[in-house]
Every structure is written in C-alpha cells, then in structure tokens.
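Scroll down for the structure; my scribbles are underneath it.
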Amino acid sequence: MNKTILFGGSGFLGPIILEKYPHIVSIGRSPLPSHLKNKHIALPSLDDLTVLDSLDFDKMIFLIGSSNHHVINTKPTMGIEYNVLPLKKILFYLQKRKIKKFICFTTILLYDVNKMTLPVDETQPVNPYINNDYVFSKYLSEELIRFYSDKVPSIIVRFSNIYGPTRLVRPDLVPTLIQKALSPDEVTVWSKKPVRDFLYTPDASDAIIKLLDTDYTGPVNLGTGTSVSVGRISKIIETLSGKKIKDLGKPVSGPMNFVCDISLIKRLTGWEPKNSIEVGLKETYEIMKGYADECRWWEKDTQ
C-alpha cells in the first residue's frame, strides 16, 4: 500500500482518503489542504507526466474529473474535457508501466432506468444514450478503461450518491442542503420524493483502499445497499439546523427509486459501510458548520 499514488487530492473525496491513509502520495496541480500530512508532488499538467518516471508506485487512485452534471449538460465539450481526456492521458502513460491496480470512478446513473430491477447489481444493462452529457462522458470513460484493460488492470467504481463534508460548492443534494441550511437564505429542494442510496465519504474511502488489494478488474457498485428518501434527508437536516426545507415539487432527473446491490464488493473485500445516514449527516453538518463563516458559500456562484 505504500506504493499508492492519488490524483485529485484537493477535491471532494481525495482529502478524505489522504487524511485516513497518510502514506498515500498525492499528485496534482493544486496544493493539498493544509491539515494533510501526505507527501505531495506538483504536476502542472497531465500533458507532461515525466515526473512519474522516477516515482516508485504500483497502484493509482484517479479522482480527476467533474461530477457537476448540471453544468456539464449545458456545455458541449465539458464532459469530454473533464471526464474523458484526462483519463485517456493517464492510461496512455500507464500502459508502459507495470502497475497492479488502477481505480477510476463513474456513476450508477449509467444503469438503464427502464430495465433495471432493485437492488441494481453490476450485470444489469446500462444506457448512456439518454440525452445526458454527463452520463455519456462517464460511459466513454468506462470504454477507455476497457480499451486499455490488457495493459492496465483497472477497477471502475460506480458511485451511488456520495456525501460528506466539503468546503467546495458542489451540485450534490446533501452539501447543497447543508450549505443552504447554514446560510441566511431559505432552504429549498426540488422534490422530497426520490429515494436514493447515500454513501458517506469515510466509508467510501475505506472501500476504495480495500479494492486496491484485490485481483478483480471491472465495474463495481459502491453504495450502502439501503435506500433513503430525500424527504428523510431533509427531515434530519431540519432537525440539525432548526431550519425548514421547502419542497418545490419540481421534476428531477434520474430514477425515482434506486439502491445498489453491494454483494460484489462485500465478497471481494469484506467491506461494509459503518455509518448510518443519521451519523453521517450529523458529522457532515457539524464539520461544515465549523467553517461556514469562512467559506460563506451563499455568496458564491453555484454554477
């Protein structure tokens, strides 16, 4: 494990992994958050990866990309630029290196909502052709992994709805609701009806590290195997913050009901999520409350 490197250490999930596993070396353009003790190697651009030539590593966690599907779906090339080209560049480089494992990340939104049965396992059909640039970019990412599969042993982690504390302005439900709850503004949600599989970032980080040590290659779902409604999420955050969350009753994208079958990752690693939704949301709220006055998300452009 001491030969593991991680790209994307200044983003959403990267700092959680690095904090829990300080021996992992960070590679990237942006400096790490100041509280992290991991070694960090500056890499100004993925167009020049020669800094890796002298680095002794055999496993890589690749978190470069964008999950901001709201914006990606309004920009004609953003999905390719953020989610496909960076992956292509790193895989092209890695084909000449003998590594044991490469892990990258896509989404459970790839599954065909009209054909899936709950809980959804990795064998169920996908459908990238749903007029969603974000989903299509993640499909192309998976195709790149398959193209290089004989040279780069890889795991594709298909994330469910991942949440946790962050200083970033993100489009995800939980951080958006908490940031609004900590602001002077009204808190709204498009709809409280959808049911999703919500995974806390510390649990996700443990699962990813365990996957590094498996011989498996291919896609694997990462969720909790349990479903929680947006209404329940809202109720918990209302209790924590003392602010009401207004249901706007608007239509939402994606399936109205989704839960992962996590039998595969359990079988491969023995991993199971440790934190209930109540514990995860409480910790997330308290941590974000601690730096709300510093971040002042409500003053920033969410686009």
Original post:
If we keep just the residues of region 274-303 that are under 10 Å from residue 179 (Cβ atoms) and of a type outside the set (S, T, N, Q), which is modelled with the lowest pLDDT?
Top reply: 300
Original post:
Only one of these conditions is not met by residue 35: (1) of a type outside the set (D, E, K, R); (2) closer than 17 Å to residue 164 by Cβ; (3) surrounded by 12 or more Cβ atoms within 10 Å (Cβ to Cβ). Which number is it?
Top reply: (3)
**OP:** Quickly run through region 238-247 and pick out the residues that are touching a residue at least 24 places away in the same chain (Cβ under 8 Å) and either surrounded by fewer than 15 Cβ atoms within 10 Å (Cβ to Cβ) or within 16 Å of residue 193 (Cα to Cα) (or both).
**Re:** 244, 245, 246, 247
Original post:
Filtering region 116-153 down to residues that are exposed (fewer than 13 other Cβ atoms within 10 Å of the Cβ) and modelled with pLDDT under 95, which residue is nearest to residue 262 (Cα to Cα)?
Top reply: 129
Original post:
If you scan region 154-169, which residues turn out to be surrounded by fewer than 20 Cβ atoms within 10 Å (Cβ to Cβ) and either part of a helix (DSSP H, G or I) or of a type outside the set (Val, Ile, Thr) (or both)?
Top reply: 167, 168
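Hey, among 26, 10, which residue is within 29 Å of residue 265 (Cβ to Cβ), among the polar types (S, T, N, Q) and assigned to a strand (DSSP E or B)?
That would be 26, the only listed residue that is within 29 Å of residue 265 (Cβ to Cβ), among the polar types (S, T, N, Q) and assigned to a strand (DSSP E or B).
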Original post:
Within region 274-297, is there a residue that is surrounded by 13 or more Cβ atoms within 10 Å (Cβ to Cβ) and touching a Ser or Thr at 6+ places or on another chain (Cβ under 6 Å)?
Top reply: no
Original post:
Is it true that residue 46 is without any contact (Cβ under 8 Å) to a residue 60 or more places away in the chain, in a loop (DSSP other than H, G, I, E, B) and either closer than 30 Å to residue 131 by Cβ or touching a helix residue (DSSP H, G or I) at 6+ places or on another chain (Cβ under 9 Å) (or both)?
Top reply: yes
Original post:
Among the residues of region 195-234 satisfying the criterion of being of a type in the set (Gly, Ala, Ser) and assigned to a strand (DSSP E or B), which is farthest from residue 172 (Cα to Cα)?
Top reply: 218
Original post:
Restricting attention to region 29-43, which residues are more than 24 Å from residue 203 (Cβ to Cβ), out of contact with any helix residue (DSSP H, G or I) (no Cβ under 8 Å at 6 or more places or on another chain) and either in a loop (DSSP other than H, G, I, E, B) or β-branched (Val, Ile, Thr) (or both)?
Top reply: 29, 30, 31, 34, 39
**OP:** Spot the failing condition for residue 146; the list is (1) of a type outside the set (Val, Ile, Thr); (2) without any contact (Cβ under 8 Å) to a residue 40 or more places away in the chain; (3) over 29 Å from residue 226 (Cα atoms); (4) assigned to a loop (DSSP other than H, G, I, E, B), and only one is missed.
**Re:** (4)
Original post:
Can you tell me which residue in region 248-303 is nearest to residue 192 (Cα to Cα), limited to those that are in a loop (DSSP other than H, G, I, E, B) and polar (S, T, N, Q)?
Top reply: 253
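The values are calculated or read from the model by the stated rules, or taken from the named source; none is laboratory data. Quantities reported herein were computed from a predicted structural model and do not represent experimental measurements. Here Cβ is always computed from backbone atoms with ideal geometry, including for glycine, and neighbour counts include all displayed protein chains.
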